[in-house]
Amino acid sequence: MTIGYNHLQATVHASRIAANYRLLLRAGTPLMPVVKSDAYGHGLEPVVCALEKEGATFFAVGAVQEAVQLRESGFAGRILALLGAQDDEEAEACFVNNIIPLVYRMDQLDMLDSCRLPGSAPVSIALKFDTGMARLGFPADQAAAAAKRLQRSPRLRTALVCSHLAAADEPDKEDFTLEQGRRFDAVLQDLRAGGVDGFQASLANSAGLLAWSELRRDLARPGISLYGGNPFHHTAWARLAGGLVQAMDVTAPVLQIRDLTAGTPISYGCTYTAPRDMRAAIVAAGYADCYSRVLSSPQGNGAAMQLHGRRAAVLGRVCMQMTAVDVTHIPEAKPGDQAFLLGGDGENAIRAEELADWWGTNSYEVMCVLGQNPRRHVQKK
Ligand SMILES: *Cc1c(COP(=O)(O)O)cnc(C)c1O
């Protein structure tokens, strides 16, 4: 969606993303940071720039267009396009810009073969196999067939072989996850037996990296953990993501403070009535700014913002550009104050996982959509 003019401000702390990267490196596996969807709403180029300074040289974006954008920004390292080339134009863009396309269908190999390639050197591709997610990828039992087909494409060099874990964040799906690992190993074996070799193998996302040391392989692909999200929220493994720091804050200003006498309803539909004398702050953020109407009270399961270091509960319906919050216990609240929709200071900061619970979604969606608001990047803190 495109957001019209608004008063929201997303602040991305590059130093926190760098700190998360350093923490993840301690697992001992090289990392390919996943920066698809504008780095989960944090900004593609600034995030790549921050992680490059930490030594990252290989990044995964989604669409080929994102990869081209990253290349045109001056990034000289390796780029994987997770969605692969969709047509001849994208295939050529990959080779012209030295982007590695993910390949998951046989006809994509034909398309890549028929490209007018610059020079005569081999070009790199990555193969994706499905080992249980049933989303993108060659079926695992087609590894031998893929290897055979690749013999007819001498200029395509398989630099990377990937698969994706479906449930690595769920302790009770251990059997499923380990079976994905076994299928992935069988794929690698079939490829090598068929003469495809010299590639790096990559299986683990954030949860795989943090919870499954036996599945890390050559290169892990963390996304959410880099931005401070906890993939194990609500599970017994939540502590595995300890030490990661949320990189994004989102604020909006208070427009007005209203006194509500007991019995006064507030906002559309009069869904909330003040049970006693109260004060409400009207904050300039609503569903048009990706602060979902699902966060309305009472449906919103207790959604709140942070103001002056304290929690202010949402009152009544979230509107298009405004939301009322309870500031009865925050007497210093005044117009012009900034309310945190996400993040904030101290122990009352709004965690992406908490906001996601109120919203009925996960931290990934919270970051991707709120990050579409006007955004700035700061180095410190
Ligand atoms: C998004 C994505 C990742 C990153 O997953 P996280 O759970 O955010 O760590 C890794 N690999 C692939 C193929 C992805 O699409």
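The values are calculated or read from the model by the stated rules, or taken from the named source; none is laboratory data. Model, not experiment: these values are computed from the prediction. Neighbour counts are summed over all protein chains in view; Cβ atoms, including those assigned to glycine, are modelled from backbone coordinates with ideal geometry. The protein model used for the area step is the full one, side chains on, heavy atoms only, and it has no ligands, DNA or RNA in it. Shrake-Rupley method; radii C 1.70, N 1.55, O 1.52, S 1.80 Å.
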### Task
Please list, ordered by first then second residue, the pairs with beta carbon atoms under 8 Å, 6 or more apart or interchain, first in region 331-347 and within 29 Å of residue 229 (Cβ to Cβ) and in a helix (DSSP H, G or I), second aromatic (Phe, Trp, Tyr) and open to solvent by less than 20 Å² (accessible area, probe 1.4 Å).
none
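What about residue 156, is it within 16 Å of the ligand (Cβ to nearest atom) and touching a strand residue (DSSP E or B) at 6+ places or on another chain (Cβ under 6 Å)?
Considered against the rule, which asks whether it is within 16 Å of the ligand (Cβ to nearest atom) and touching a strand residue (DSSP E or B) at 6+ places or on another chain (Cβ under 6 Å), residue 156 comes out as no.
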### Query
residue 121 fails exactly one of the following numbered conditions: (1) in contact with a Leu (Cβ under 9 Å, 6 or more places away or on another chain); (2) of a type outside the set (D, E, K, R); (3) open to solvent by 20 Å² or more (accessible area, probe 1.4 Å). What is the number of that condition?
(1)
### Message
Step by step: first the residues of region 17-49, then only those that are out of contact with any Gly (no Cβ under 9 Å at 6 or more places or on another chain) and either at positive phi or basic (Lys, Arg) (or both), then the one that is surrounded by the most Cβ atoms within 10 Å (Cβ to Cβ). Which residue is that?
### Response
22
### Message
Out of the residues in region 50-71 meeting the condition of being of a type in the set (Gly, Ala, Ser) and crowded, with 21+ Cβ neighbours inside 10 Å, tell me which one is nearest to the chain's Cα centre (by Cα).
### Response
60
### Summary
In region 105-118, residues that are among the polar types (S, T, N, Q), open to solvent by 60 Å² or more (accessible area, probe 1.4 Å) and closer than 21 Å to residue 161 by Cβ total 0
### Query
So is residue 258 touching a residue at least 60 places away in the same chain (Cβ under 8 Å), farther than 26 Å from residue 126 by Cβ, open to solvent by 20 Å² or more (accessible area, probe 1.4 Å) and more than 16 Å from the ligand (Cβ to nearest atom) or not?
yes
### Query
How about region 92-142: which of its residues are assigned to a strand (DSSP E or B) and either more than 16 Å from the ligand (Cβ to nearest atom) or not β-branched (Val, Ile, Thr) (or both)?
101, 102, 123, 124, 126, 127, 128, 129, 130, 138, 139
### Query
Does region 83-93 contain any residue that is open to solvent by 20 Å² or more (accessible area, probe 1.4 Å) and within 21 Å of the chain's Cα centre (by Cα)?
yes
#### Entry: Subset tally (residues that are surrounded by fewer than 23 Cβ atoms within 10 Å (Cβ to Cβ), outside any loop (DSSP other than H, G, I, E, B), in contact (Cβ under 8 Å) with a residue 40 or more places away in the chain and not small (Gly, Ala, Ser)) for region 198-214
1
### Message
Quick check on region 310-328. Is at least one of its residues among the charged types (D, E, K, R), in a loop (DSSP other than H, G, I, E, B) and either modelled with pLDDT of 95 or more or open to solvent by 30 Å² or more (accessible area, probe 1.4 Å) (or both)?
### Response
yes
### Summary
The lone condition residue 297 fails out of (1) crowded, with 23+ Cβ neighbours inside 10 Å; (2) within 26 Å of residue 273 (Cβ to Cβ); (3) modelled with pLDDT of 95 or more is (3)
### Query
For region 216-240, how many residues meet the condition of being open to solvent by 10 Å² or more (accessible area, probe 1.4 Å), assigned to a helix (DSSP H, G or I) and within 16 Å of the ligand (Cβ to nearest atom)?
2
## Note on the structure
Within region 17-43, residues more than 15 Å from the chain's Cα centre (by Cα) and either under 16 Å from residue 64 (Cα atoms) or not small (Gly, Ala, Ser) (or both) come out as 22, 23, 24, 25, 26, 29, 30, 31
### Residue list for region 168-197, restricted to those being over 30 Å from residue 110 (Cβ atoms) and surrounded by 17 or more Cβ atoms within 10 Å (Cβ to Cβ)
168, 169, 170, 177, 181
### Query
Can you find a residue in region 5-16 that is crowded, with 18+ Cβ neighbours inside 10 Å and either within 16 Å of the ligand (Cβ to nearest atom) or among the charged types (D, E, K, R) (or both)?
yes
### Task
Read through the list (1) more than 14 Å from the ligand (Cβ to nearest atom); (2) touching an Asp or Glu at 6+ places or on another chain (Cβ under 9 Å), then give the number of the only condition that residue 81 fails.
(1)
